[in-house]
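What follows is a single structure, written as structure tokens, with notes after it.
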Amino acid sequence: MVRVLKRARTAIKAPSDELRRGPFRDGAFSSYLHSERVASWLGIALGISFVTCFATGLLSHLIQHPPSWFTWPARPAGLYRITQGIHVATGVASIPLLLGKLWAVYPRLWQWPPVRSVLHALERASLIPLVAGSIFLLFTGLANIGLWYPWDFFFPAGHYSAAWITIGALIIHVAAKGSIAMREIRNRPTTKPESDGLSRRGFLATIFGTAGLLTVVTVGQTVGPLKRLALLAPRRPDVGPQGFPVNQSAAEANVTELAVDPNYRLLVSGNVARPLALSLDELRSMPQTVAELPIACVEGWSTSQTWRGIRVTDLLDRAGAPANVRVRAESLQPGGLYRASVLNELHARDPDTLIALEVGGDTLHIDHGYPARLIGPNRPGVQQTKWVTELVVL
Amino acid sequence: VTPSDPPRDHDQSDPIPEDAGDGAEVGVGDEATESEIDNGPPSSAGPVVEFRDPFATNLARAFAIIGSGVMVFGVLGLFHSASRTHPGQWVRWWLGGLVVHDLIVAPLVIAFGAFMIGRARGWWRAPLQGGLIATGIVTLVAWPFLRGYGLNPDNPSVLPGNYAWGLAGTLAIIWSITAVIAWRRRGFSRN
């Protein structure tokens, strides 16, 4: 038994050269750009971009599913716009970095012998979740910003699980390869470039340059001054009904008839002394407040608009709600995971949190939430509930 | 200094903050002894170098344990919210990307690259390589928008641009830069 195991161990550690064919051959990959030096620089850049992406994505998750210890502030009003813009922009910029990195280390997939020790086997196995997860995250993220869903799983849930698995694999990868990366970027290069091909520095400049170019031609979907350069942005901040984008239209939400029902009422219910049922005319006759607030979509586009409507805090006072409350805003939308959203204590009482009736000086377009929508500072777009019909004080 | 200049040591900038070294100055087992891959795979009979710095070894172990824990958390989450993540299908997409990249995309890119630049020599070889790499990546990113997979008749604000022109414009930028670099290299090679 022991002899069999020893023989198996020997066969794994020093397999027969007969098996060494195709990409396993010595020198099968000739380009000297498949080097640890290139892999190290790209690995460090990817580490920074993935950690940034993970942190901003986790933040967005916490805002939308707040645990008891987490309270997202209402100020500064444009903070979420920035963190989510960074999330999507670093994700897009990571695509060239990842492809360059995978290309640089590709010969390692066919290294000989494939396994040298238990530790080596474990380290190689940990690359499966790292590479599979990285490709999965960037592919699903890119598809999502273009609202393309060729799968059945719910994108945020699938993307979120993949993020934890990938970041775990990345931490293991840093443990295994960190010393090599630091050695490579500190030491002088040992191999000379081919006479006229792309140098290591040229290759890195190409990859980083492509990342920069992709950023420039997409980031205009959230950075207004760059919108004219947004050649490949899936959204334009100035294209849509009333001059800005929509994520879910009234037709998709099945509210085209409900929203124009003359019997529409906005209810204020729950933990209140005097429940309210206000018609659209009554809402219009209440004191109106104007607020300049961004609408910042999870998919990475954002735009600042001038909203006009009734302060939620005024409605809460009129209904006799306690001072420190959370409020759930419910939509006319009959179904869907985003038909309601919760205002925490800070958002509910912020003077700029409105039940908006107008945007840009005109009555809300039905795709922007007619007759009334929630708009508040520093909130993800999916929580700016449209076609609001009830505020439930919790 | 153009991007295509050969590496020079004296002006290599170091964008990594100094304190980042501590966190990354780690290694596990014989991985740290590996030579550069262009020198061929390391010999299995090579000497195993003992770590001189026990702190680095312990840090690497700590990272490996933390990373494993984070991965387990992710896997548990995947199955905990199975009604939304559809783990069976999720795994197919997850492994699918890996398999498609490693066994189809990467070999095709390597073969295509060898075909395109195999006969290119002299001043235009490196710019051609760079231009092709950038073109491939940008086209890949633009593809879902170009094909309009996310288009929705109920929501015209999705994918409102002309992405054929957008891609053409982006590629024009890439090849203009490529042409300038090639022209400069041509000048250098004549001198």
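Just so it is clear, none of the values below were taken in a lab; they were calculated from the coordinates. A quick note: this is a predicted structure, and the numbers were derived from the prediction, not measured. Ideal geometry is used to build each Cβ from the backbone, glycine not excepted, and the neighbour counts take in all protein chains shown.
Over all directions, the average projected area of the alpha-carbon convex hull for the stretch A:322-394 comes to how many nm²?
4.9
Between B:ALA82 and A:VAL118, what FRET efficiency follows from the Cβ-Cβ distance if R0 is 35 Å, with the result rounded to 0.05? Present the calculation step by step, with values, prior to reporting the outcome.
On the way: r = 32 Å, r/R0 = 0.92.
Once the sixth-power term is evaluated, E becomes 0.60.
Averaged over every viewing direction, what's the projected area of the C-alpha convex hull for the protein assembly as shown? Give it in nm², one decimal, please.
It is 31.0 nm².
Give the lysines reachable from A:LYS13 as a straight Cα distance under 22 Å; neighbours fewer than 8 places away on the same chain don't count.
A:LYS177
Which three numbers, in whole Å and largest first, are the semi-axes of the equivalent ellipsoid of the stretch A:1-52 derived from its Cα gyration tensor as √(5λ)?
Largest first, the stretch A:1-52 gives 35, 20, 7 Å.
Please work out how much length the chain gains when fully extended from B:PHE73 to B:GLN89, using 0.36 nm per residue of separation minus the C-alpha to C-alpha distance, in nm with one decimal.
Contour length minus the Cα-Cα distance gives 3.8 nm.
Would you mind giving the mean number of other chain beta-carbons within 10 Å of the Cβ of each residue in A:21-34, as a whole number?
2
What are the extents of the Cα atoms of the stretch A:142-239 along their three principal axes, listed from largest to smallest and rounded to whole Å?
Largest first, the stretch A:142-239 extends 52, 35, 24 Å along its Cα principal axes.
Summarise the partner chain shielding of B:169-180 as one whole number: the mean count of Cβ atoms from other chains within 10 Å of each residue's Cβ.
2
In nanometres, what is the gap between the two model label sites at A:THR191 and B:SER189, each 7 Å from Cα along Cα-to-Cβ?
Here the modelled spin labels are 2.2 nm apart.
Just tell me how shielded A:248-257 is by partners: mean number of partner chain Cβ atoms within 10 Å of each residue's Cβ, no decimals.
The per-residue average across the peptide is 2.
On a straight-distance basis, which lysines could pair with A:LYS192 in a cross-link, Cα separation under 23 angstrom, same-chain partners fewer than 8 positions away excluded?
List returned: A:LYS101.
Output the Cα-based Rg and Dmax of the stretch A:1-106 in Å, rounding Rg to one decimal and Dmax to a whole number.
Both quantities, over Cα of the stretch A:1-106: 23.2, 70 Å.
Sorted from largest down, what three extents in whole angstroms do the Cα atoms of the stretch B:130-191 have along their principal axes?
Result for the stretch B:130-191: principal-axis Cα extents of 61, 15, 10 Å.
Under a crude label model (7 Å from the Cα following the beta-carbon direction), how far is A:ASP152 from B:VAL180 in nanometres?
My value for the distance between the label points is 5.1 nm.
Taking the stretch A:77-227 as the region of interest, what is the percent of Cα-Cα pairs per 10 angstrom bin, listed from the shortest bin to the one with the maximum distance?
9, 29, 34, 21, 6, 0
What distance in nm lies between label points placed 7 Å from Cα along the C-beta direction at A:GLU345 and B:ASN58?
Output for this residue pair reads 4.2 nm.
Could you rank the peptides A:115-122, A:53-60 by their average count of other C-beta atoms within 10 Å per residue, with the highest value first?
Going from most to least packed, we get A:53-60, A:115-122.
Below 8 Å, C-alpha to C-alpha, sequence gap of six or more: please give me the relative contact order for the stretch A:1-156 in percent.
Dividing the mean separation by the residue count of the stretch A:1-156 yields 34 percent.
Using 1/(1 + (r/R0)^6) with R0 = 56 angstrom and r between the beta carbons of A:ARG228 and A:ARG3, what's the FRET efficiency to the nearest 0.05?
Efficiency computed from Cβ-Cβ geometry: 0.15.
Taking the Cβ-Cβ separation of B:LEU140 and A:ARG274 as r and a Förster radius of 56 Å, what is the calculated FRET efficiency to the nearest 0.05?
Once the sixth-power term is evaluated, E becomes 0.45.
Ranked from highest to lowest mean number of other Cβ atoms within 10 Å per residue, what is the order of the peptides A:9-22, A:167-180, B:115-128?
So the order, starting with the most tightly packed, is A:167-180, B:115-128, A:9-22.
Relative to the first principal axis of the alpha-carbon coordinates of chain A, what is the inclination of helix A:79-105, with its axis defined by its Cα atoms, in degrees from 0 to 90 and to the nearest 10?
Roughly 20 degrees, rounded to the nearest 10.
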